[in-house]
Amino acid sequence: MFFDRLGYTKVLYICIGNIKLKDSMQATTLNPTQLFLLQMFSHIGDEERLKELKEVWLDHVRQRADEEGRRIWKEKNLNNETMHKWLNMHMRTPYT
């Protein structure tokens, strides 16, 4: 590439509509989580195993979201009565 001979950093911007993709040619160090995921994915041989892995991951995310919801519910002293009040509230911005 011409810019390499001039010593410029290799950065390529590709614009697709409003989406800008940046492709930097600099080396990236993977963190331990990324390395683990790459190793795990290397053992997936077919679509069925990929589907199983996705299900496990989604179950984990659902469990974490449920735990967080319960924590917030308890922290904010929420209850069913509060939820029914919120359902019936009209909190639209008044336009004059």
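Read-outs throughout are calculated quantities, based only on the coordinates presented, and are distinct from any laboratory measurement. Just so you know, these numbers come straight off a predicted model, no measurement behind them. Virtual Cβ from ideal backbone geometry, glycine too; neighbours counted across all protein chains shown.
A few comments on the model shown:
- For region 42-54, a tally of residues being in a helix (DSSP H, G or I) and either surrounded by fewer than 10 Cβ atoms within 10 Å (Cβ to Cβ) or in contact (Cβ under 8 Å) with a residue 12 or more places away in the chain (or both) returns 3.
- Answer from Met91, Met83 - the residue that is among the aliphatic types (A, V, I, L, M) and in a loop (DSSP other than H, G, I, E, B): Met91
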